[in-house]
Amino acid sequence: MLVNFSLLIQAPLLNVQLMLDGLFIGAIFALAAYGLALVWGVMNVKNLAQGEFVIMGGYIAWYMGTLGIHPILALPVAAVLMFGFGWVLYVTIIRRVIARDLFTSLLATFGIALVIQQALNLAFGPAVQSAHSGFEIRSFFDGMVTVADIKFVSFGLCVLLAGAVVLFMKRSRMGQAIRATAQDARAAKVMGIDTERVYAFTYSLNCAICGAAGVLVSMIWVIQPFYGVPHSIRAFVIVTAAGLGNLPGVILAGLGLGLAEQYSGFVLGAQFQQATVVGLLVIVLIWRQYLLIKHRQVVR
Amino acid sequence: MTTSTKFLRALTFGIAAAGLLAAGPVHAKVEGDTIVIGSAISFTGKYSTEGIHAKNGYNLSVKRINEMGGVKVGGKTYRLKVVYYDDESTPARTAQLLERLIKQDGVKYFLGPYSSPTTIAAAPVIEKYKVPMIEAEGASRALFNKGYKYTFAVLSTSEQYLASAIALAAELAEKSGKKASDVKVAMVFENDAFSQDVRAGVVDDMKKYGMKAIIDDKMPTDLSDISATLTKVKALKPDVLVISGHTKGAATAARQLTELKISVPMIAMTHCEAAKVTKNYGKAANGYLCPTQWAETLSYSDKYFGSAANYNKLYNATYNQKGSVPYQAAQASAAVLVWKDAFERANTFDIEKVRDAISATDMKTFYGDIKFAPAGNNIAKPMVLRQIQDGVYNVVAPLKWASSKIDWPRK
């Protein structure tokens, strides 16, 4: 462990490689997590099928790739298709569990996740797939740092998408309605907002965001019908650490998670990547609790 | 109680007892002129692709044996037939279905499921009922260190997968004037039973040559990202990089090795073919060493299928396919050949005698030589190491079967 640590000091360029890798993948994590934060914050639904939506988006990109269409072009297609899929899911299932207790929504979304996994397995088989952008791989500093162009592109797309969502939430009527519903659903209803439609839209928007993230995942990592779970876990970790309705927090936590995974992988060994992330989450939660207690004492 | 009722009662008991004896598993399970072999294997779930390959292999061999006159036992000719159940790629289900095959269907001879976890679940059931199983798809060494007496495997065990790469590295180092003990090894393995077995084999061989591991990482559980470890590889410049993490680990490794432009003189990894590294990464995958249980270019042969290449042809013609047959199918076919051979040598259907005959197997097949150690693993067939050269898998080790020279150091 110490050897690895001293390696980072002796060869500072390794830090650049780790940071770039961490930030690029963290941006994608942040995207999927933002979708979860929306659904959780607005509808109070803890969506366990988050990772499966990501994988579905990945399969759309991969499938279009097999038809000879560049997987990047799958981004809008996946977003639109997944939006529609989200709407159908809302009308058929989510609508019925939204007012129920926590466990009903957890069980329902877990069920959705299982059905999606098996359906993908039946449709595309259990083989591991990956979409290929065919982009160049760039070397910097004498080959000490290398970055695939697709990572730059996907980072740019992440920023663009996140920006678009933020603008949408701030400026559009629907965005305002979503925020109003999140603050107080009953008051929003009294003011004439069709909360049912807001819920449907929020859930579908989440699906669309996940689908877009999935397209990027399929070009940077690999996909398989049963690989959604780690994506769900990451989204939950990020949202829990950032807090609901805190977009800058989600982005920071997403990027931080990417960095933490890379650094812990380098220093402690790849097997500790996820353990470190969960460990950090525990520390964040304890720190928050501590702040809360302090705050309460002041009020007293 | 009158004498007649006593007599009737005795008669009923007698008939019932005789019925039980007749139905009992003394010479089970042979229906008329058909020997029934059972298998719980994966048609659905995560192992379905390989499970179906294995089933195709079993069926092809059964068809071939029946066409060639079947199995001769006690002067009579029998046909082979396999009864399948789908274990849904779930070990618990494999065990359940085996009990059903044994208790309800009366089957007493078995072919294995697909994968180590399902075979590990099957072996205790096989042992409990003392019925022999010849398996072709479970390589974990957990199957061969428990003292099982009824499980036999035709394939090489998992610790042999990459050990040959270490031997090869030592040999190449010595040829180029270096000491074998100077070879620096980087290891990246998934944290599961199979890959840790592979690792154990590598570590044993490294000890033999006095080599040192400069990196010994386990892959993260989701196998999606090993770039941090590969960055370390870049910094520490090992002579050999060994990787094992099933198909997903191989796919991730190939992608990130390419993206990080890692150049190590020797890279060996399992599951190259399943991860389609040549198709997906083209030139970047050149030089990878990939172990395999079997390849159609090997010079093995037998009287049922002829050469390994002929087997490949027959399989493709039967199942309407092209290219190289997955080794999962070839080893499944070999397992059925062992059954035929054992029945004929035992010359009876007595389960214990058939088991002893399997245990004494010493035969040559298109898949390789088969001879079982007391623990049930095949000790006669080595793992083969192939190297990707210009997008083609060429056998480079062991030297006896090598069709090409190794490209070393890898460019």
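The values are calculated or read from the model by the stated rules, or taken from the named source; none is laboratory data. Keep in mind the model is a prediction, meaning the values are calculated, not measured. Cβ coordinates were reconstructed from backbone atoms using ideal geometry, including for glycine residues, and neighbour counts include every protein chain displayed. To get the accessible areas, we keep the full protein, side chains included, count just its heavy atoms, and leave off ligands, DNA and RNA. Shrake-Rupley method; radii C 1.70, N 1.55, O 1.52, S 1.80 Å.
For the stretch A:156-165, state whether one or more residues are assigned to a strand (DSSP E or B), within 26 Å of A:Gly22 (Cα to Cα) and small (Gly, Ala, Ser). No: zero hits. With (1) free of Cβ contacts under 8 Å to residues at least 24 places away in the same chain; (2) in a helix (DSSP H, G or I); (3) surrounded by fewer than 19 Cβ atoms within 10 Å (Cβ to Cβ) as the list, and B:Asn312 as the residue in question, which single condition is left unmet? With (1) free of Cβ contacts under 8 Å to residues at least 24 places away in the same chain; (2) in a helix (DSSP H, G or I); (3) surrounded by fewer than 19 Cβ atoms within 10 Å (Cβ to Cβ) applied to B:Asn312, the lone miss is (3).
Of the candidates B:Ser359, B:Ser333, the single residue that is surrounded by 22 or more Cβ atoms within 10 Å (Cβ to Cβ) and modelled with pLDDT of 95 or more is B:Ser333. Assessment of the stretch B:150-172 against the conditions (open to solvent by 10 Å² or more (accessible area, probe 1.4 Å), at pLDDT 95 or above, not assigned by TED's automatic domain parsing to the domain that holds B:Gly249 and not in a helix (DSSP H, G or I)) yields at least one matching residue. Per the conditions (1) in contact with a Ser or Thr (Cβ under 7 Å, 6 or more places away or on another chain); (2) closer than 30 Å to A:Thr66 by Cβ; (3) open to solvent by 30 Å² or more (accessible area, probe 1.4 Å), the sole criterion not satisfied by A:Leu161 is (1). From the list B:Ala250, B:Ala295, the one residue that fits, being under 25 Å from B:Ala170 (Cβ atoms) and more than 16 Å from the chain's Cα centre (by Cα), is B:Ala250.
Residue-wise test of (1) assigned by TED's automatic domain parsing to the domain that holds B:Thr348; (2) within 21 Å of B:Arg345 (Cα to Cα); (3) among the aromatic types (Phe, Trp, Tyr); (4) open to solvent by 20 Å² or more (accessible area, probe 1.4 Å).
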| site | (1), (2), (3), (4) |
| --- | --- |
| B:Ile52 | yes, no, no, yes |
| B:Tyr58 | yes, yes, yes, no |
| B:Glu67 | yes, yes, no, yes |
| B:Pro91 | yes, no, no, yes |
| B:Leu98 | yes, no, no, no |
| B:Gln104 | yes, no, no, yes |
| B:Phe110 | yes, yes, yes, no |
| B:Thr118 | yes, no, no, no |
| B:Ile126 | yes, no, no, no |
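Mind checking which residues of the stretch A:93-114 are among the hydroxyl-bearing types (Ser, Thr, Tyr) and closer than 18 Å to A:Val198 by Cβ? Matches in the stretch A:93-114: A:Ser105 only.
With respect to the conditions (1) in contact (Cβ under 8 Å) with a residue 24 or more places away in the chain; (2) touching an Asp or Glu at 6+ places or on another chain (Cβ under 7 Å), A:Leu244 lacks only one, and its number is (2). Given the structure, is A:Gly57 touching a Gly at 6+ places or on another chain (Cβ under 7 Å), in a helix (DSSP H, G or I) and buried (at least 22 other Cβ atoms within 10 Å of the Cβ)? Answer is yes for this residue. Looking at A:Gly156, A:Gly143, just one residue is at positive phi, free of Cβ contacts under 8 Å to residues at least 12 places away in the same chain and surrounded by fewer than 20 Cβ atoms within 10 Å (Cβ to Cβ), and that residue is A:Gly143.
When the residues of the stretch B:173-197 are filtered to those that are in a loop (DSSP other than H, G, I, E, B) and open to solvent by 20 Å² or more (accessible area, probe 1.4 Å), the one that is farthest from the other protein chains (Cβ to nearest Cβ) is B:Gly177. Looking at the stretch B:1-107, the helices (runs of 4 or more DSSP H) lying wholly inside it that each contain 1 or more residues that are modelled with pLDDT of 90 or more, of a type in the set (S, T, N, Q) and out of contact with any Leu (no Cβ under 7 Å at 6 or more places or on another chain) sit at B:48-67, B:91-103. Residues that are buried (at least 17 other Cβ atoms within 10 Å of the Cβ) and more than 7 Å from chain B (Cβ to nearest Cβ) within the stretch A:121-140 comprise A:Asn121, A:Gln129, A:Ala131, A:Ser133, listed in sequence order. Selection over the stretch B:123-152 of residues that are farther than 20 Å from B:Leu101 by Cα and hydrophobic (A, V, I, L, M, F, W, C) gives a count of 4.
In the set (1) under 22 Å from A:Asn44 (Cβ atoms); (2) of a type outside the set (Ser, Thr, Tyr); (3) open to solvent by 10 Å² or more (accessible area, probe 1.4 Å), A:Leu268 fails one condition alone, (1).
Can you find a residue that is within 12 Å of chain B (Cβ to nearest Cβ), buried (at least 21 other Cβ atoms within 10 Å of the Cβ) and either assigned to a helix (DSSP H, G or I) or touching a residue at least 40 places away in the same chain (Cβ under 8 Å) (or both) anywhere in the stretch A:97-120? There is at least one residue in the stretch A:97-120 that is within 12 Å of chain B (Cβ to nearest Cβ), buried (at least 21 other Cβ atoms within 10 Å of the Cβ) and either assigned to a helix (DSSP H, G or I) or touching a residue at least 40 places away in the same chain (Cβ under 8 Å) (or both). With respect to A:Gly211, determine if the residue is open to solvent by less than 40 Å² (accessible area, probe 1.4 Å), at pLDDT below 95 and away from chain B (no Cβ under 14 Å). Here the answer is no, as A:Gly211 does not meet what is asked.
Is it true that A:Gly143 is over 23 Å from A:Tyr90 (Cα atoms), more than 9 Å from every other protein chain (Cβ to nearest Cβ), small (Gly, Ala, Ser) and assigned to a loop (DSSP other than H, G, I, E, B)? The answer is no for A:Gly143. Hey, any hits in the stretch B:373-389 for a residue that's open to solvent by 60 Å² or more (accessible area, probe 1.4 Å), under 27 Å from B:Lys276 (Cα atoms), in contact (Cβ under 8 Å) with a residue 60 or more places away in the chain and not assigned by TED's automatic domain parsing to the domain that holds B:Gly70? No, every residue in the stretch B:373-389 fails to be open to solvent by 60 Å² or more (accessible area, probe 1.4 Å), under 27 Å from B:Lys276 (Cα atoms), in contact (Cβ under 8 Å) with a residue 60 or more places away in the chain and not assigned by TED's automatic domain parsing to the domain that holds B:Gly70. Go through the residues of the stretch A:276-296 one by one and say whether even a single one is under 30 Å from A:Ile93 (Cβ atoms), more than 14 Å from chain B (Cβ to nearest Cβ) and open to solvent by less than 10 Å² (accessible area, probe 1.4 Å). No; the residues of the stretch A:276-296 include none that is under 30 Å from A:Ile93 (Cβ atoms), more than 14 Å from chain B (Cβ to nearest Cβ) and open to solvent by less than 10 Å² (accessible area, probe 1.4 Å).
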